[in-house]
Amino acid sequence: MIKELNDKKTELKNLSEEYKKKRNELNAEASTLAAKRNELNKKTKDLINEAQEYKVLRDENNEKVKENKALRDEVNNKANDVFAKIDQIRNENNLGGPSIKDIRKEIDRLEFTQQTEVLTTNKERELVNKITELQKQYVVKKQQLESNDELKNLLAEAQEIRDEASTYHTTLSEYAQKAQEYHDKMITTFKEADKVRAESDAAHKEFVHFQEKADEQHKLFITAQKEIRDIDKELRKMKKGDVDGRKEASRAEARKDAEDIFDKFKSGEKLTMENLMAIQRSGVLK
């Protein structure tokens, strides 16, 4: 029985070392994945912060767009009042065709489209041709109106106001372009952050997998260690029982010898000092 227990103990020790080695390998792999995940999380955070900075810059430029648009519209309203006077005089003088205000307004609309929208080559060419034709009409209409001194003065005033509005419009377009650039950068950076976050999630999933496997090996290691301790405990009991058994056999033999000596003493035989000591050690006389 002792041999079987010792053999089992040896087997468990070997298994325990295997579990321990495997556990440590899995924990090392889990640590590597945790480090990778943490690095990717940091990169994700940095990218999100960068994207947020682009968002702030985009919003700041959009705010400038609003401010300059309000100023441009305010100045354009002044120009419209002048053009209204021009139209009144034009109607009174039977100057037909589209008003110079409408022509100017359409030119401004088309130029804004050209500056702010992405167009195909054909659309771009078509738009430029239309703007050119309207500009010719504007010149013709202006020449017609300038033949009238009052209209000429109003046209000069309207042109001066339009130039001021054009300045605001140019500034507005610059801010709009910057806002679009920052918006594009923000979107690109957010997409990159999403990509890196997905990599981080994958690394975390692997980390959990290896950690769970390591925990399984650790549980097996602990179980094996407990079984080894239980076997050691059982072996100690068995060894103690063996020793106690030999001691008891020795005491029984000593008692038997002492009883034989005592029987001889009762029969009248003379006892030696050694015989007396044997009887005393056995406890027969107690």
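The values are calculated or read from the model by the stated rules, or taken from the named source; none is laboratory data. Note that this is a predicted model, so its numbers are computed, not measured. Accessible surface is based on the protein model in full, side chains and every heavy atom, while ligands, DNA and RNA are left aside. Shrake-Rupley method; radii C 1.70, N 1.55, O 1.52, S 1.80 Å.
What order do LYS9, LYS3 take when sorted by accessible area (1.4 Å probe), most exposed first?
Details: LYS9 40, LYS3 135 Å².
Final ranking, largest accessible area leading: LYS3, LYS9.
If I stretch the segment between VAL128 and ALA198 completely, what's the gain in nm (0.36 nm per residue apart, minus their alpha carbon distance), one decimal?
Working: separation 70, 0.36 × 70 = 25.20 nm, distance 4.63 nm.
Full-extension gain reported as 20.6 nm.
Cα atoms only: what Rg and Dmax, in Å, come out for segment 1-160?
Cα-based Rg and Dmax for segment 1-160 come out at 38.9, 130 Å.
Using Cα-Cα distances under 8 Å and only pairs 6 or more residues apart, what relative contact order does segment 1-235 have, in percent?
Across segment 1-235, relative contact order equals 52 percent.
Given 37 °C and 0.692 mPa s, how large is the Stokes-Einstein diffusion coefficient of segment 143-203 in µm²/s, with Rh as the Kirkwood radius over Cα pairs?
Working: Rh = 15.8 Å.
The diffusion coefficient I find is 208 µm²/s.
Can you give the three extents of the C-alpha atoms in segment 13-96 along their principal axes, from longest to shortest, in whole Å?
Computed over the Cα atoms, the extents are 114, 23, 9 Å.
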